[in-house]
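Comments concern the structure below.
The values are calculated or read from the model by the stated rules, or taken from the named source; none is laboratory data. Here the structure is a predicted model, which is why all the values come from computation and not from measurement. Because the Cβ atoms are built from the backbone with ideal geometry, glycine has one as well, and the counts that use them run over all protein chains shown. Just the protein is used for accessible areas: all its heavy atoms, side chains included, with ligands, DNA and RNA removed. Shrake-Rupley method; radii C 1.70, N 1.55, O 1.52, S 1.80 Å.
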Amino acid sequence: MDFVKAHPGVATALAYLAVNSILDDDNEEGAEQFKPAATDDEFLYHDGSERGEENEEVQRPEGSLKPVEKRCYKCGDTHPYIRGQPFECKTTTKKSVLSPQIRVQKPQEKAQKAEIKTGGKNIPTPEEETAYVLGLISRAREAQKVAEGYSQEEVDRLIRGLVWSCAKDDSADAIAQLAVAESSLGNYSGKLTKISKKTRAALMDIINDKSVGVIEEDTERCIVKIAKPVGVIGAISPSTNPEATPVIKAINAIKGRNSVVISPSSKTKKTNKLIVDKMREALVKMGAPADLVIGIDQPSRVKTNVLLQNCDLGLATGGSAIVKAAYSSGRPALGVGVGNAVIVVDETANVEDAAKKIRISKTFDLAASCSSDNSVVVVEKLYDTLLNALIAEGGYLANSHEYEKIAAVLWNEKGNLNGKAVVKAPQVLCKMAGIDLPEDRTFIIMPETGVGREYPYSGEKLSVVMAYYKVKNFDEAVVLTNRIQEYQGKGHSCGIYSNNDENVIRFGLETKTSRVMVNQPQSISNSGNLWNGMPQTFSLGCGTWGGNSTTENINWRHLVNITWLSKPLPVPKTLPSDNELFGADIIEM
């Protein structure tokens, strides 16, 4: 109770969880009190596989796993089994090879399973879900027609009000508390920083931009550029950044006089509802239609796909599956790529400064960001010195046995990241792996030597674990960076700690990446921060390297149509002679 008194938002967050739990059709980690007696995830397929959440396809090395108890679909009893292996049904003594999707079920059995899975709730049909989302889009379209007539001053007032509704102290505290309680991802301080400070910085970054009417005049070319709204933006909000993403996407949409419909992760739908409710209330107070911002309260794959297929522009932030869905929706879309940031430390780096900033980046919000330092590549000369500095900053140097134990927990039997192990405190992760980690350690240093599926730590980890590589020189560092990102994370971002301008430029020239942070904490810099000039966003384009259409930090400029108004030049241009244009060397070929 003392903690609740110290944090006023806790009571609001807990009350919000309780009030909205009746709407919950998911069994979410960190909200055990809202679970049915048994969930579908607790049952075992008779082919030895599990039904679980989809995660990024990141492979782990093969290794033995401890047997765990799972309930059998066939007999209803629990049996010990090793993940990914066939098992013996102890009740029937008959080796089971059938999947529940293909075995024949009695009507009563189907009804019982449906009751267990849904907790007795009425689940809408795909047709009902489709109609629901189309209704939201229709409402958003009507609201957008009103916004299309707004002046620059009116638009800017709206986005100021939206940010204030969520970033003021009591709101920010409640949102941060709820985001952690609902998702069990990250920590309170990281969530509070993002909803309180990141949203303010994002507002500051665009508040003085001209986004209505004539936004640019090029007198030399006699070109006038006029901004016009896209319409309805279909925005996806991920579970890793559920607190600030809805706000930042909403203000960028409305800056361009658009409306936005936000589809959150099912893990953070209550957080999204709290945020959207606050923004809608603020819009009404300012005399604007509440439907300029709409949230999907009960998200599903069907609803998300319908949104992406019927909005005017999709803005997808999340895993590769949702980005792929956006690009294959048949509608224009902006997506992001997979992160796997590689940080190079050359022989000219300030070791203490690099260690401190790597720690800040790696531990922020328990590495919820895809921009977190996943691999640190160090030249041989500084390898031991930097390692000692990282340990002094709170790092824990893992040994070869711990390498295997943590890998067995961090990746599941299919080689995907384990959703129950990511974005956790290092002590929690290590406890899951059977390792006793001292309380003063804040991140894990995992020595790594290779790249690819056989070397799991070379990929994205979404955890406070970073791979640590040794190379002979800077040339090898560049080559290894490209190898790692060819495996995962190509086009996203890299970082370098160096005081050699030539190396810095070479790193930018020779890596296939959209953004390079120089002597900065990576995860809180590449999406924009007060100490650099990067545009503020939580949507990072990865270019064609990462399967995206842009390499830029996505903001309102990507959410408007531009009309180019062209006037005749005072003096028409004339073609130069062939000698001037082509040169004698080309003409004489």
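Here is how the numbers come out for the structure above:
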quantity	calculated
Options Glu439, Glu380, Glu402, Glu413; residue that is open to solvent by less than 60 Å² (accessible area, probe 1.4 Å) and at pLDDT 95 or above	Glu402
Enumeration of residues in segment 127-152 that are part of a helix (DSSP H, G or I), open to solvent by 70 Å² or more (accessible area, probe 1.4 Å) and not aliphatic (A, V, I, L, M)	Glu127, Glu128, Tyr132, Arg139, Arg141, Glu142, Lys145
Residues of segment 427-472 classified as of a type in the set (Val, Ile, Thr) and closer than 19 Å to Glu486 by Cβ, total	3
All strands (runs of 3 or more DSSP E) inside segment 191-253 with 3 or more residues being among the small types (Gly, Ala, Ser)	232-237
Of residues in segment 463-488 being of a type in the set (Val, Ile, Thr) and part of a helix (DSSP H, G or I), the one nearest to the chain's Cα centre (by Cα)	Ile484
One residue from Val342, Val306, Val377, Val336 being among the β-branched types (Val, Ile, Thr) and closer than 18 Å to Asn553 by Cα	Val336
Any hit, segment 556-578, residues being in a loop (DSSP other than H, G, I, E, B), at pLDDT 95 or above, of a type outside the set (Asp, Glu) and surrounded by 11 or more Cβ atoms within 10 Å (Cβ to Cβ)	no
Selection count where residues are within 23 Å of the chain's Cα centre (by Cα), among the aliphatic types (A, V, I, L, M) and in a helix (DSSP H, G or I), scope segment 493-537	1
Residue list for segment 317-349, filter: part of a loop (DSSP other than H, G, I, E, B), of a type in the set (A, V, I, L, M, F, W, C) and touching a Phe, Trp or Tyr at 6+ places or on another chain (Cβ under 8 Å)	Ala349
Pick from segment 445-462, criterion assigned to a loop (DSSP other than H, G, I, E, B) and under 14 Å from Ser372 (Cβ atoms), ranking: farthest from the chain's Cα centre (by Cα)	Gly459
Close pairs from segment 269-284: first within 20 Å of Thr304 (Cβ to Cβ) and in contact (Cβ under 8 Å) with a residue 40 or more places away in the chain, partner of a type in the set (Asp, Glu) and surrounded by 21 or more Cβ atoms within 10 Å (Cβ to Cβ), Cβ under 7 Å, at least 6 apart	Lys270/Glu182; Thr271/Glu182; Thr271/Glu243
